[in-house]
Amino acid sequence: MPVWKVLASIGFQAVLFTSFGVALWVLAGRSYPDFVTFAWSEAANGVLLAFALIASSAMMAKAFPRYAEWVIRAQARTYGFLKNRISFSAIVFISICAGVGEEALFRGGLQTLLGEYTPLPLALIVSAAAFALIHFAQPAISALLFVIGCLFGWIYWQTGSLLTVMVGHTVYDVYAIWALRKAMHELNIFEDHRSPDLLEESERETLAASDTTTGETS
């Protein structure tokens, strides 16, 4: 899929997620203007959260390189569009869409609404589980996303600041997507003969025809 189509799809999803998040917030009896509050201290806390996640991720990758490589390879199909050249501004756009849309839906909306009817720890766990499931990742990756979702949910619970988790999520994703693309190309994950499932249908047909021709002439 062309990168522009991927970006358009991600942008539409972010608008949809944010709209549903606001709707759930209002259903919980909250005032629409209070959905996101803006303060420099909240934004700064979000940046600190992101740096803590980046540092933890980097240390884990260094301590467990084989596991880190497995995680990278396991995300090849989900992030297949990264085989194309993608600008840093596009990475920032994707990260903003994820940070704003997902936190609006799962923390600001779902966790808040569930918290009106269930104990807050349960609301946090359910929203984190939904956050993990929506990524349609492999079980081990989903488990990691669940942990991250619980962290974001706990911080939102303790601070009441949706902006903090939005900024933290966004800044971390900028680093994560940039590092993921770099690592995937260093590992040659997108080479045609190693990952044919990542190719467009027309590309697979061309590759198959080429293999047939090669077999006939050898």
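The values are calculated or read from the model by the stated rules, or taken from the named source; none is laboratory data. All of these numbers come straight from a predicted model, not from anything done at the bench. A quick note on method: Cβ atoms are made from the backbone with ideal geometry, for glycine too, and the neighbour counts reach across all protein chains shown.
Within segment 132-158, work out how many residues are of a type in the set (Ser, Thr, Tyr) and modelled with pLDDT of 95 or more.
Keep residues of segment 132-158 that are of a type in the set (Ser, Thr, Tyr), which gives 142, 156.
Retained after the next criterion (residues that are modelled with pLDDT of 95 or more): 156.
The qualifying residues number 1.
As an exercise: evaluate Arg77 against (1) free of Cβ contacts under 8 Å to residues at least 40 places away in the same chain; (2) not β-branched (Val, Ile, Thr); (3) not in a helix (DSSP H, G or I) and give the number of the one condition it does not meet.
(1)
Which ones in segment 127-163 are crowded, with 18+ Cβ neighbours inside 10 Å, farther than 18 Å from Ile72 by Cα, in contact with a Ser or Thr (Cβ under 8 Å, 6 or more places away or on another chain) and without any contact (Cβ under 8 Å) to a residue 60 or more places away in the chain?
Gly149, Gly153, Tyr156
From the set of residues in segment 164-218 that are part of a loop (DSSP other than H, G, I, E, B) and modelled with pLDDT under 50, which is surrounded by the fewest Cβ atoms within 10 Å (Cβ to Cβ)? Give the derivation first.
Residues of segment 164-218 part of a loop (DSSP other than H, G, I, E, B): 187-195, 199-200, 218.
Filter again for modelled with pLDDT under 50, leaving 192-195, 199-200, 218.
Values: Asp192: 14, His193: 8, Arg194: 12, Ser195: 17, Leu199: 16, Glu200: 11, Ser218: 5.
Residue satisfying both the conditions and the ranking: Ser218.
For Phe131, work out the one condition from (1) assigned to a helix (DSSP H, G or I); (2) under 13 Å from the mean Cα position of the chain (by Cα); (3) under 24 Å from Trp4 (Cα atoms) it doesn't fulfil.
The number of the failed condition is (3).
Tell me the residue from Leu122, Leu110 that is part of a helix (DSSP H, G or I) and crowded, with 19+ Cβ neighbours inside 10 Å, please.
On the way: Leu122 fails: crowded, with 19+ Cβ neighbours inside 10 Å.
The match here is Leu110.
I'd like the full set of residues that are over 22 Å from Thr118 (Cα atoms), crowded, with 16+ Cβ neighbours inside 10 Å and aliphatic (A, V, I, L, M), limited to segment 4-33.
Val6, Leu7, Ile10, Ala14, listed by residue number.
Would you point out which residue out of Phe51, Phe20 is more than 16 Å from Leu180 (Cβ to Cβ), over 17 Å from the mean Cα position of the chain (by Cα) and either modelled with pLDDT of 90 or more or not in a loop (DSSP other than H, G, I, E, B) (or both)?
Numbers: Phe51 fails: over 17 Å from the mean Cα position of the chain (by Cα).
Exactly one of Phe51, Phe20 is more than 16 Å from Leu180 (Cβ to Cβ), over 17 Å from the mean Cα position of the chain (by Cα) and either modelled with pLDDT of 90 or more or not in a loop (DSSP other than H, G, I, E, B) (or both), namely Phe20.
When you go through Val92, Val36, Val100 one by one, which is the residue that is closer than 24 Å to Arg181 by Cα, among the β-branched types (Val, Ile, Thr) and surrounded by fewer than 19 Cβ atoms within 10 Å (Cβ to Cβ)? Spell out how you get there, then give the answer.
On the way: Val36 fails: closer than 24 Å to Arg181 by Cα; Val100 fails: surrounded by fewer than 19 Cβ atoms within 10 Å (Cβ to Cβ).
Result of the check over Val92, Val36, Val100: Val92.
Filter segment 80-97 for residues that are part of a helix (DSSP H, G or I) and modelled with pLDDT under 90; which is nearest to Trp4 (Cα to Cα)?
First, pick out the residues of segment 80-97 that are part of a helix (DSSP H, G or I): 80-83, 88-97.
Narrowing further to those that are modelled with pLDDT under 90: 80-83.
Details: Gly80: 14, Phe81: 10, Leu82: 12, Lys83: 14 Å.
The selected residue is Phe81.
Quick test of your reading of the structure: Asn84 fulfils all but one of (1) closer than 30 Å to Thr159 by Cβ; (2) surrounded by 12 or more Cβ atoms within 10 Å (Cβ to Cβ); (3) touching a residue at least 24 places away in the same chain (Cβ under 8 Å); (4) not hydrophobic (A, V, I, L, M, F, W, C). Name the failing condition by number.
(1)
What pairs come up if the first residue lies in segment 28-42 and is in contact (Cβ under 8 Å) with a residue 60 or more places away in the chain, the second is not in a helix (DSSP H, G or I), and their beta carbons are under 6 Å apart, counting only those six or more places apart or on different chains?
So the pair list comes out as Ala28/Glu116; Glu42/Ser161.
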